[in-house]
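Where a number appears in this text, it was derived from the coordinates with a stated rule and is not lab data. These numbers come from a predicted model, not from an experiment. Here the Cβ is made from the backbone with ideal geometry for all residues, glycine too, and neighbour counts use every protein chain on show.
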Amino acid sequence: MPTLRLQAADSGEANPMGMKVLYILRHGKSSSTPEGGTDHDRALTHRGKRDAVAVGAEFARRGWVPARALVSSARRTRLTFEHFSRGLAEAGGGTVEECVEPTLYLAPPARILDCLAALDDDLPSVLIIGHNPGLHELACALSAGEESTAAARLTGGFPTCALAVFHCAANDWADIGPRTANLETVILARDLHQS
C-alpha cells in the first residue's frame, strides 16, 4: 500500500470547537456492471442493501448522527446512503444531510482530504461514503502508528459496508491527519448480523 503524507495540525493548539468526528463508510456490496452501462452505474445487491440498513440502525443505536454525508456520485454509493438513511430512521435516529460529491468517485486519499478541507468548519461530524482503495488507504494513513484492536482490524482490509470512526482533535477539517485523528472503532457489516 502506498504511503500517504498527511499534513497534521500542531497538537498544542487550542481546540475551542471540540472534536471533529469522521465516519468513513465503504459502499455496500454491488452488482456487476449493467449491460450498456459503466462502473458508475452499478447498483447494490440484496446483501448490500441489507448491510447498509444495518449500519444505519447501528448509528441510531449508538446515538451517532453525522451533520452531513459526502457521497460519491456513483449509483452504488447513493443507494448505500439511501438504505443507510432508512435504517437510521427506522431505528429512531435522526436525518443526515446528503451532499453528492462527484470528485469522491474512486477518489484517492488526497482527493478525499481535499473534500474534507473544503467543508464548513462549523460542522462537527461528517460521514463519507465512497470506494476502495482510497477509503481503506485513508483510514490506514489516519491510524498509522496506532496499536489498537481497531487499527489491527484495518490491516485485514476494508470490505463492503465497513465503517471506520475517527475522533479528530482539530478545529478545521483541513487539519485532519495522523496526529489529530484517533481511530475509535472499526465495524464490519458481518458484525451487525451475528446473533
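Things to note:
- Ellipsoid fit via the Cα gyration tensor, region 82-137: semi-axes of 23, 15, 9 Å, each the root of five times an eigenvalue, largest first.
- For log10 I(q)/I(0) by the Debye sum over Cα atoms at q = 0.09, 0.12, 0.16, 0.17 Å⁻¹, calculated from these coordinates, the label among (i) -0.50, -0.81, -1.10, -1.15; (ii) -0.30, -0.54, -0.98, -1.12; (iii) -0.48, -0.72, -1.11, -1.22: (ii)
- Positive-pole candidate from PHE158, LEU44, LEU138, dipole of the chain, charges at beta carbon: LEU44
- Each pair of Cα atoms in region 87-195 enters the Kirkwood radius, and Stokes-Einstein at 37 °C and 0.692 mPa s then converts it into a translational diffusion coefficient of 219 µm²/s.
- Crossing angle, helix 75-90 versus the chain [Cα axis fit, 0-90 degrees, rounded to tens]: 80
- Region 31-140: Rg to Rh, with Rh as the Kirkwood radius over Cα pairs: 0.97
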